[in-house]
Amino acid sequence: MKIRTKYLIASIVIVLTLVSALTISRFINSNNQLASCYYGQVGSSSSLLQIDNIKGQDLTGSLIFQNYEKDSSYGEFSAKYVDNQVTASFTFQSEGTESNREIIFTKEGNNLIGDGFTYQPNDSCNSILFNQGLGLIPFDMKLPLHLFPQLKLQPVTEEQLTWTFGPGGFKPTQSAKLVYKPLIGEPVDAIVFYLWQKSVWDVIANPNEAPDWGQMIWSDQSHVFSVNGVQDCVYPNKPDCDNITEIFNLIYEKDSYINRVPEYKEAQVTVTNTKTFQDPETGFYVLSQFKIIGIKAEQSYRCDITAFDINGNEIISWKTEGLSFPPNPSTPYSGQTNITPDQVPLVKSSTVTCLVADSI
């Protein structure tokens, strides 16, 4: 009986040892395991690290450095994973030139740290977006980061604008296009972006015609931002069609865009003169002249003006807007509006409030 008890105790000890060893082994393996996708962000710049294949200590994958308004790079890497360090040989493209460099990533907890980024694991590299600047158009668009190597922002040529809108016709003040480079086939203009003067937009945006001018995403009292994009896949293979569809699903969503239009701020204004005058052809006017204190060259102003009688009663209110006068932006500005003949003798003073911002 004692012998059986000894054997039973020994068996229990062996089983517990094996269970403990397996548990520790699983914990160590889990702690050292690499995810298939890592994402890092510093400011407006992003990086995406995707591991495609792991065999023992050897691994391969792709790496993207999307640097906001700086030279970016992307390419493939092969690496060794030893002692919580990924030592990678990165062969990449940057501005049309192929190069190679070594990058070391250190695993700390679940994250990888290297090359200025802290990379966090992500369930899917396809779900991560980056902010694509649109040149002189003051908006960014959120686009799939994994497609960054196949996307390039380019200017719209004058020839293309003429072909789209006709010679001598109404044209946008700024334009840009995002070109998609497929795995198979020729590049296509995936998205075209336009910035319009609102007065021009109001003339050309005919709802009964094909929207060559794009669909309005944003507008204020002076400008309109519109976009136009592909609707059908023109490629023979599924990966490219899937990519185009992924882009198309973002084009007309207003949440896909980040507004970088300069913010208007209140400015100090001094009224220098209030007067009335008559134009023989168009009638009577009230005019307010004023100085916008501190306005700089190439800034926009938007002003509200009110004319009063001798008792401070409002006669009429109106708005004026425009660009500062370079090279002497401190020059007096003015705004005028029509009034009736019986209002002319009543006008005695005016007030002006202005908002100022860097011009688009």
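The values are calculated or read from the model by the stated rules, or taken from the named source; none is laboratory data. Here the structure is a predicted model, which is why all the values come from computation and not from measurement. Ideal geometry is used to build each Cβ from the backbone, glycine not excepted, and the neighbour counts take in all protein chains shown.
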Taking the range 138-168 and keeping residues free of Cβ contacts under 8 Å to residues at least 24 places away in the same chain and not acidic (D, E) leaves P155, T157, Q160, L161, T162, W163, G166, P167, G168
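Only one of these is in contact with a strand residue (DSSP E or B) (Cβ under 6 Å, 6 or more places away or on another chain), outside the structural domain of W218 (by TED's automatic domain parsing) and surrounded by 14 or more Cβ atoms within 10 Å (Cβ to Cβ): F277, F284. Name it.
Numbers: F277 fails: surrounded by 14 or more Cβ atoms within 10 Å (Cβ to Cβ).
One residue alone meets the criteria, F284.
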Somewhere in the range 239-247, is a residue free of Cβ contacts under 8 Å to residues at least 60 places away in the same chain, surrounded by 11 or more Cβ atoms within 10 Å (Cβ to Cβ) and either in contact with a His (Cβ under 8 Å, 6 or more places away or on another chain) or of a type in the set (A, V, I, L, M) (or both)?
no
Please list, ordered by residue number, the strands (runs of 3 or more DSSP E) wholly in the range 71-149 having 2 or more residues that are over 19 Å from the mean Cα position of the chain (by Cα).
73-82, 85-94, 97-108, 111-114, 117-121
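Sort through I137, I217 and tell me the only one that's touching a strand residue (DSSP E or B) at 6+ places or on another chain (Cβ under 6 Å), among the β-branched types (V, I, T) and closer than 20 Å to Y68 by Cβ.
Only one candidate qualifies: I137.
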What pairs can you find where one residue is in the range 299-318 and loosely packed, with under 12 Cβ neighbours inside 10 Å, the other is basic (K, R), and their Cβ atoms are less than 7 Å apart, with a gap of 6+ or different chains?
I310/K348
When both residues are 6+ apart or on different chains and their Cβ atoms are under 6 Å apart, which pairs have a first residue that lies in the range 98-124 and is under 16 Å from D83 (Cβ atoms) and touching a residue at least 12 places away in the same chain (Cβ under 8 Å), and a second that is part of a loop (DSSP other than H, G, I, E, B) and among the acidic types (D, E)?
none
For P262, the lone unmet condition from (1) under 28 Å from F148 (Cα atoms); (2) out of contact with any strand residue (DSSP E or B) (no Cβ under 8 Å at 6 or more places or on another chain) is (2)
Since T162 meets every condition but one in (1) modelled with pLDDT under 95; (2) assigned to a strand (DSSP E or B); (3) not small (G, A, S), which condition does it not meet?
(2)
Does V261 satisfy the condition of being hydrophobic (A, V, I, L, M, F, W, C), in contact (Cβ under 8 Å) with a residue 60 or more places away in the chain and outside any strand (DSSP E or B)?
yes
So, S300, is that one assigned to a strand (DSSP E or B), under 44 Å from the mean Cα position of the chain (by Cα) and closer than 26 Å to D220 by Cα or not?
yes
Scanning the range 276-295 residue by residue, those of a type in the set (D, E, K, R) and in contact (Cβ under 8 Å) with a residue 40 or more places away in the chain turn out to be K291
Exactly one condition in (1) touching a strand residue (DSSP E or B) at 6+ places or on another chain (Cβ under 9 Å); (2) closer than 24 Å to S199 by Cα is false for F308; which is it?
(2)
Can G185 be described as surrounded by fewer than 20 Cβ atoms within 10 Å (Cβ to Cβ), in the same structural domain as C241 (by TED's automatic domain parsing) and assigned to a loop (DSSP other than H, G, I, E, B)?
yes
Selection status of T272, surrounded by fewer than 17 Cβ atoms within 10 Å (Cβ to Cβ), farther than 24 Å from Q221 by Cα and touching a Pro at 6+ places or on another chain (Cβ under 7 Å):
yes
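So that you can scan it fast, the table gives a plain yes or no per residue for (1) buried (at least 19 other Cβ atoms within 10 Å of the Cβ); (2) over 19 Å from I128 (Cβ atoms); (3) free of Cβ contacts under 8 Å to residues at least 60 places away in the same chain:
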{"residue": "S62", "(1), (2), (3)": "no, no, yes"}
{"residue": "E69", "(1), (2), (3)": "no, yes, no"}
{"residue": "Q85", "(1), (2), (3)": "no, yes, yes"}
{"residue": "A88", "(1), (2), (3)": "yes, yes, yes"}
Residue satisfying all of: in the range 192-241; part of a loop (DSSP other than H, G, I, E, B) and of a type in the set (V, I, T); farthest from G169 (Cα to Cα) among these
V234
Out of S30, S94, S78, report the one residue that is among the polar types (S, T, N, Q) and at pLDDT 95 or above.
S78
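Residues are listed down the side, and each one gets a yes or a no for (1) modelled with pLDDT of 95 or more; (2) over 41 Å from the mean Cα position of the chain (by Cα):
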position	(1), (2)
T274	yes, yes
D309	yes, yes
E314	yes, yes
T320	yes, no
T331	no, no
T340	yes, yes
K348	yes, yes
L355	yes, no
